[in-house]
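The values are calculated or read from the model by the stated rules, or taken from the named source; none is laboratory data. Note that the structure is a prediction, hence the values are computed from the model and not measured. As a convention, Cβ positions derive from the backbone with ideal geometry for all residues, glycine included, and neighbour counts pool all protein chains shown. We work out accessible area using only protein heavy atoms, side chains counted, and drop any ligands, DNA or RNA first. Shrake-Rupley method; radii C 1.70, N 1.55, O 1.52, S 1.80 Å.
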Amino acid sequence: MRIYEPISPQRSRPFPVLLYFHGGAFAAGDLDTEHDRCLRFSKDARCAVVSVDYRRPPEHPFPAPAEDCYAALREVARTAGENGWDADRLAVGGSSAGGNLAAAVALMSRDRGGPPLVLQMLLYPALDDRLESDSFRRFRRASGWDVEDSPHMWRHYLGEHAQEPPAHAAPARCADFRGVAPAYLLVAEVDALRDEGIDYACRMMRDGVPVELHCYAKAFHGFELAAPEAAVTRRAREDQAAALRAAFARRG
């Protein structure tokens, strides 16, 4: 785990914490992949960020990555006091495959009676292994992700669970979202993963979960990393930081 904290010479209270899981189609990516995003979250949301380096397929398929991320949540909650963090203000987040892991950890915490979360931040998450949405068919060549690789990504990640994946592996297969942490969900208009994210947000709302859903027009998968200075990226970053600050304030 890599830890980020804002510079605070007159720190008067424990920092809230965002556990962040990087993207990379499960099999790629590392702690450096979204280093800049974690720095910005820590600075703009005034929180500690714990970036988790989970095991990856194909050597370590599900459940290893999800269990690593959940173990990191439990460890952060257990050691919060000694690290100067607030165990009552914990959030999880991630992009793409990391968004899957953040959603899975939110479900695992609910299902296992684990540490309560104030927010799950899901950025263009990969949630559904069935790959049947309209956006998946429409934006096969317009996305920042080559959709031809999606079946391979899921096959490597799911391993022996490929036939009937549990919800902790493919969160879109969850049948009941009651009691899951509030969510901030970002989707991009020109992204194969757009519709599964929108559907996930709507299903959570129908089950009474507070959800903030943002769809950024003309944006594509991974647009913030590809175009860090674009106006839409700046707006998305501001929205994400505001959502984190609001979630931490509600429990502060």
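Between Glu132, Glu160, Glu189, the distinction of being free of Cβ contacts under 8 Å to residues at least 24 places away in the same chain and open to solvent by 50 Å² or more (accessible area, probe 1.4 Å) belongs to Glu132 only.
Give the residue, chosen from Ala103, Ala72, Ala80, that is within 12 Å of Ala181 (Cα to Cα) and touching a strand residue (DSSP E or B) at 6+ places or on another chain (Cβ under 6 Å).
Ala103
Considered as a group, the residues in the stretch 220-235 that are surrounded by fewer than 18 Cβ atoms within 10 Å (Cβ to Cβ) and of a type in the set (D, E, K, R) include one that is modelled with the lowest pLDDT, and that residue is Glu229. In the stretch 151-172 there is no residue matching the filter, namely being touching a strand residue (DSSP E or B) at 6+ places or on another chain (Cβ under 8 Å) and under 19 Å from Ser95 (Cα atoms).
Filtered by the rule that a residue be of a type in the set (Phe, Trp, Tyr) and over 17 Å from Pro116 (Cβ atoms), the stretch 203-252 gives Tyr216, Phe220, Phe223. Taking the conditions (1) part of a helix (DSSP H, G or I); (2) buried (at least 16 other Cβ atoms within 10 Å of the Cβ); (3) among the charged types (D, E, K, R) in turn, Arg137 satisfies each one other than (2). When you scan the stretch 210-229, how many residues do you find that are over 15 Å from Glu189 (Cα atoms), touching a residue at least 24 places away in the same chain (Cβ under 8 Å) and either touching a helix residue (DSSP H, G or I) at 6+ places or on another chain (Cβ under 7 Å) or not hydrophobic (A, V, I, L, M, F, W, C) (or both)? Number satisfying all stated conditions: 4. The residue of the stretch 1-11 that is surrounded by the most Cβ atoms within 10 Å (Cβ to Cβ), among those that are outside any strand (DSSP E or B) and modelled with pLDDT of 95 or more, is Glu5. Select, from Gly179, Gly113, the only residue that is without any contact (Cβ under 8 Å) to a residue 24 or more places away in the chain, closer than 30 Å to Ala249 by Cβ and either of a type outside the set (A, V, I, L, M) or in contact with a Cys (Cβ under 9 Å, 6 or more places away or on another chain) (or both). Unique residue meeting the criteria: Gly113.
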